[in-house]
Amino acid sequence: MSTPLSAGTQALLFLPERRREAESEGILLYCDHHPSTFDINNLPGVSFEAMDHFAKTFLILRLEDRQVEGGVQRPEGQHDGRSWRAVRVDVVAPPMERYAFALLGWTGSRQFERDLRRFARKEKRMLLDNHGLWDKTKSRPIAGALPNV
């Protein structure tokens, strides 16, 4: 694993032998895995939950200067002598039919997410979260939001 990190290399960190190798080489500084607690029968939730129920792993990787295109960039005046940078990587694994909602929930700013949920709730009388979109007036999922329901 001495080659520059790529998307494929990051995915291989989940394999136990690759994780041990990454830890021994000092590439993987931290790894915390949370298994899925997703249950379709518990949706929609009564209130918004900040964390979804999908399987997720939080990683902190040590990237050496040579592994970062253009080198490690530091804010002006912040030079601590290190030739590496710690980078947090959140890997979320939603079911394919929930991918669009998980992507929406894990990207954008907190304010953007709040505004989307508020718009769905106040203007459209719907409930939007990382798991799906529901019509509150009929207590059912929006067509296409949850297939086979």
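The order of His53, His34, His131, going from fewest to most other C-beta atoms within 10 Å of their C-beta, is His34, His53, His131.
By the beta-carbon count within 10 Å of each Cβ, the least crowded to most crowded order of Lys56, Lys122, fewest first, is Lys122, Lys56.
Ignoring aspartates and glutamates fewer than eight residues from Lys56 along the same chain, the ones with Cα atoms less than 15 angstrom from its Cα are Asp32, Asp90.
Cross-link reach is defined here as a Cα-Cα straight distance under 28 Å, omitting same-chain residues fewer than 8 places apart; for Lys124 the lysines meeting it are Lys136, Lys138. Rounded to whole Å, the principal axis extents of the Cα atoms in the stretch 78-125 read 54, 27, 8, largest first.
Coordinate-derived values only; no laboratory data. The structure presented is a predicted model; accordingly, all values stated were derived computationally and were not measured. All Cβ positions, glycine included, derive from the backbone under ideal geometry; neighbour counts span all protein chains shown.
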